[in-house]
Every structure is written in structure tokens, then in C-alpha cells.
1. Name every residue in the stretch 12-36 that is open to solvent by 10 Å² or more (accessible area, probe 1.4 Å), under 19 Å from Ile106 (Cα atoms) and in contact (Cβ under 8 Å) with a residue 60 or more places away in the chain, in order of residue number.
2. Checking Ile6 against (1) under 13 Å from Ser77 (Cα atoms); (2) over 22 Å from the mean Cα position of the chain (by Cα), which single condition isn't satisfied?
3. What are the pairs with Cβ atoms under 7 angstrom where one residue, in the stretch 56-85, is part of a strand (DSSP E or B) and among the charged types (D, E, K, R) and the other, located anywhere, is open to solvent by less than 40 Å² (accessible area, probe 1.4 Å) and modelled with pLDDT of 95 or more? Sequence gap at least six, or different chains.
4. When the stretch 37-59 is examined, which residues are found to be closer than 30 Å to Leu292 by Cα and open to solvent by less than 40 Å² (accessible area, probe 1.4 Å)?
5. Can you tell me which residues in the stretch 361-397 are basic (Lys, Arg) and part of a loop (DSSP other than H, G, I, E, B)?
6. Filter the stretch 295-347 down to the residues that are in a loop (DSSP other than H, G, I, E, B), among the β-branched types (Val, Ile, Thr) and touching a residue at least 40 places away in the same chain (Cβ under 8 Å) and list them by number.
7. Of all residues in the stretch 53-70 being charged (D, E, K, R) and at pLDDT 95 or above, which is farthest from Tyr98 (Cα to Cα)?
8. Does any residue of the stretch 124-137 turn out to be among the acidic types (Asp, Glu), part of a helix (DSSP H, G or I) and within 25 Å of Thr8 (Cβ to Cβ)?
Amino acid sequence: MQVTVIGTGYVGTVTGVCLAYLGHSVACVDTDESKIAKLRRGESPIYEPHLETMMDMAAERGGIEFTTELEGAVRRSDVIFIAVGTPPLPSGEANLAYLEAAARSIGAAMDGSRFRVVVNKSTVPVGSGNLVETLVREGIGDTHPSGPIRFGVASNPEFLKEGSAVADSLYPDRIVIGGDAATLSALRQLYEPLVAQAFDPPPGVPRPSSMISVPLLATSLTSAEMIKYAANAFLAMKIGFANEIANICERVGAEGPEVMAGIGLDSRIGAKFLNPGIGWGGSCFGKDIQSLLHTAREYGYSSRLLQATLEVNTAQRQMVIQKLQEKLYILKGRTIGLLGLAFKPDTDDLRDAPSLHIAERLLQMGVRVKAYDPIANAACRQQRPDLKIRYCDSARELAADSDALVMVTEWKEFHSLDLAELAGLMTSPILVDGRNLFVPETAVAAGVDYSGIGRTGRGRLGNGRGVRREPEPTHTNVT
């Protein structure tokens with residue numbers, strides 16, 4: 001099929017590249033000329049494993065182009081995805097300015113040569129499908145006052161996780177599509193190779209051995225929009241619950257990770273997103289919960305559970321400061337090193353990253369803050385020049401003369417850190433393990449004054465090498 005994707009952020013770029021890999025002909029459109037120029041050179045504007053390799057393969061299979069010209073792309077297309085940003089306004093309401101501009105431009109570019117499906121891929125408030133249809137019609141009316149222009153509007157929410165977005169696109173848990181019969185028929189055709197898994201896995205992104213086909217759920221437009229918000233809200237709440245229980249565990253002498261392992265074996269609960277830590281970050285959970293709260297208020301409903309989810313996550317980041325105070329008493333004049341800046345591993349995304357909240361608070365308290373992230377140092381320098389952070393090029397440089405280290409982002413290279421070596425470089429060998437990456441007993445044996453989240457040091461989970469078992473994902477998805 002002929003496909004246009006408007007927006008080349010995380011969702012738009014990955015969606016376009018993966019659809020082209022499946023054999024569709026794709027045009028990715030953006031108004032940012034520098035970003036399009038970079039994509040044309042085969043360079044991804046975002047850090048995402050395997051994406052640049054996939055771009056090369058997509059060009060050879062279905063074919064993919066990157067352009068700033070919307071009109072020609074729309075006229076050639078059967079399916080047009082809107083994948084633009086919907087950042088939060090101060091009220092918590094989603095900013096739909098980019099969505100609205102895209103919808104009007106699509107209408108203005110349409111002709112009567114074929115039936116087209118306009119798909120909301122962006123995370124948009126409930127009811128946005130109706131808004132997009134109205135705006136597309138307005139665009140058509142401005143340029144085509146007469147003549148039949150046939151189109152439908154669908155919702156097709158994404159469920160990607162940064163750092164594994166390619167795998168999540170090719171091997172999803174489910175595909176959700178919402179709309180009327182004609183739009184659903186077109187999207188079923190578009191996704192048939194994905195549903196049937198009728199494609200060769202790309203190098204480095206193997207198909208899960210248990211995957212034979214992908215469930216496709218067809219719903220009403222409004223239900224599809226709601227599914228996205230409900231999924232993110234539940235995952236955020238699940239992480240918050242794990243942190244609340246972990247905080248109680250610390251006080252009664254239980255081991256939070258062991259408790260979570262125990263309840264995660266219950267098939268009704270499941271183990272994913274139950275790792276205690278310093279809370280979630282990223283562009284999705286906070287924004288989506290705020291938007292859902294705004295929608296609820298519009299209809300006269302107050303969601304106390306969703307509001308508490310936000311409050312619990314904010315408070316959890318303060319736990320790092322509290323633990324540092326318990327160890328060092330006075331923080332003013334101390335030097336604290338942050339192991340990681342990105343909100344999760346395998347991305348350079350700093351949106352709502354816990355590291356920034358922690359750094360801001362420490363700097364306010366007169367602390368000298370150092371940081372080392374394998375990927376996100378440059379992004380933090382560029383995006384937050386106001387933060388007076390000393391950026392380091394290695395964990396060893398970070399540890400040198402630091403009064404304490406904080407594990408913020410569990411990058412793979414941090415799993416194999418030599419804690420004894422780092423402890424020998426520090427002024428005082430204090431480690432606040434905000435992701436429970438290390439086994440407390442082994443860290444103590446390496447000479448580290450260790451403090452985890454929800455841990456007393458009496459637990460038995462671990463692999464005996466100083467690092468806990470490989471974690472299930474605990475972070476947000478792409479948008």
C-alpha cells in the first residue's frame with residue numbers, strides 16, 4: 001500500500017521505517033528541513049537501536065522517502081498517519097496545535113482519485129477522531145468546494161518502548177484499530193503481514209520463538225483512543241504500587257524485590273513493571289495521565305487513583321535525596337555523581353527524566369553534581385544548559401573524589417561495574433542504588449556503603465555476581 005507518515009519523531013520514524021520493511025511504499029513528511037536532510041543521509045535523528053540499519057533495509061524493500069512536501073505524498077497515499085507531538089499544556093490538557101495543522105493540510109492536499117484513511121497515531125485525547133474528521137473536511141472545503149473527496153478517520157494507538165521500538169513494532173503484543181467498516185478494512189490490509197508474521201526478521205531483531213501471529217483488536221474510534229490512555233495509566237500505577245510497597249518493606253524489614261517477585265508470579269498480576277526504584281519518566285505516563293484527568297474533569301469526574309499515581313511518582317524521586325541525607329547528613333558542599341541521565345537505558349531521551357529532578361534538587365541544596373551517561377551526556381548539555389553539571393566520560397571519572405554515587409539509569413555497562421574499584425576512588429564509598437541493580441551483600445563486600453529501594457540487605461534474590469537478575473521493563477513507552 002501507499003503510506004504517508006506525518007512527523008518524524010520516535011513514533012513517526014519507527015512506524016514509517018517498519019511499514020516500509022514490511023513491503024509498503026512509505027513517505028515520511030516533516031516541516032523540519034534539517035531533520036529530513038539527516039534522514040536522507042541515512043542518519044536517525046533519534047537514538048534507537050537497529051533503526052539506522054532498518055532504514056537501509058526499508059529502502060530496499062517497500063521503499064521509503066523523507067520529504068518536506070506533503071501534498072504529493074498525500075495524493076499518492078492510501079493511508080495517512082498523523083504522528084506529530086501532542087505536548088502537555090500547563091493545564092494538563094494535550095496541545096493539539098500540530099495535530100490540527102496536520103489535519104487541515106491533509107484535507108487541502110486531497111483529491112478524489114481514491115478513498116483514503118487518515119489515522120491518528122499520535123496519543124490524542126478521547127474525541128480527537130471527530131476533531132480530525134472535521135478539520136480534514138475544513139481543509140477540503142477551502143480548496144475543493146465541489147467534487148467528491150472520500151476519506152475515513154481511524155485511531156491506531158502505538159505501544160512502543162524507547163530502546164526496543166523496532167522490536168515492539170515488528171512483534172507487538174497486539175494491534176488496536178478503531179473506526180468504521182471501511183477504515184478498518186484498509187488497516188487490516190495494511191497490517192496483514194504483521195498479523196500473520198509473514199516477513200523475514202531483520203538482523204539483530206529476532207522474532208520471539210513463541211510468536212506465530214499478532215492479535216488485532218477492532219473497536220470503535222473512541223474505544224481505541226481510550227485504550228491507549230488506560231494502558232499507560234495502568235502501567236504507571238503498577239510501578240507506583242511497587243514503590244509504595246517497597247517503601248513499607250524498608251520500614252518493616254522485608255525485601256521489596258522479593259515481595260514483588262512473590263506477587264508477580266500470580267498470573268492475575270504478572271511480573272512486569274513491578275521493580276521498585278526511583279519512579280518512571282519519559283514523555284508518556286505523566287502526559288497521558290494528566291490528559292486523562294483533564295478529560296475526566298470535563299465530564300464531571302474526579303479520578304483520585306490517577307492523581308495519586310502522579311503524586312507517588314514525584315515523591316519517589318525525593319527518596320534519593322532522603323537516602324543521601326541519611327548517609328551524609330549535610331549535603332551542602334558535597335560532590336554527588338549520577339550514574340545515568342536518560343530516563344531509561346538504550347535512549348538519549350531526557351523528557352521527565354528522574355535524573356533531572358534529582359540534579360535540580362541537589363544543586364538547589366548546594367551540592368556539586370557530576371554525571372555520566374553512555375549516550376545522553378550530549379543531549380543533557382544541549383537541552384539543559386542551566387544545570388551546572390560536570391559531565392564525565394566514564395564511571396571511574398565519575399567516582400573520583402565523589403562523596404556518593406546514585407544509580408539512576410541501569411545501562412547494560414553498569415551491570416558489570418567493579419564496585420571495589422569505584423569505592424577506592426571515592427571520598428566516601430556511598431552508593432544509593434535507585435534501580436536495585438546490585439546485590440546488597442556483594443556491594444557491601446566490595447567496600448560500598450550500600451542503600452537500595454525497599455531493601456534491608458537481608459534478601460536472597462540475585463545471581464551471586466553483585467548484580468540482580470536481568471530486570472523486566474520498568475519504564476514508559478514512546479509517546
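1. Hit for the stretch 12-36 is Thr15, nothing else.
2. Checking Ile6 against (1) under 13 Å from Ser77 (Cα atoms); (2) over 22 Å from the mean Cα position of the chain (by Cα), the one that fails is (2).
3. Close Cβ pairs satisfying both conditions: Glu65/Ala27.
4. Of the stretch 37-59, the ones closer than 30 Å to Leu292 by Cα are 45-48.
Hits for the stretch 37-59 are Ile46, Glu48.
5. Arg384, Lys388
6. Here is the first cut: in the stretch 295-347, the residues in a loop (DSSP other than H, G, I, E, B) are 299-303, 329-334, 340-347.
Now restrict to residues that are among the β-branched types (Val, Ile, Thr): 330, 347.
The answer is Thr347, and nothing else.
7. Glu65
8. yes
The values are calculated or read from the model by the stated rules, or taken from the named source; none is laboratory data. Source: prediction; values computed, not measured. Here Cβ is always computed from backbone atoms with ideal geometry, including for glycine, and neighbour counts include all displayed protein chains. Just so you know, the surface numbers come from the protein's heavy atoms only, side chains and all, with ligands and any DNA or RNA stripped out. Shrake-Rupley method; radii C 1.70, N 1.55, O 1.52, S 1.80 Å.
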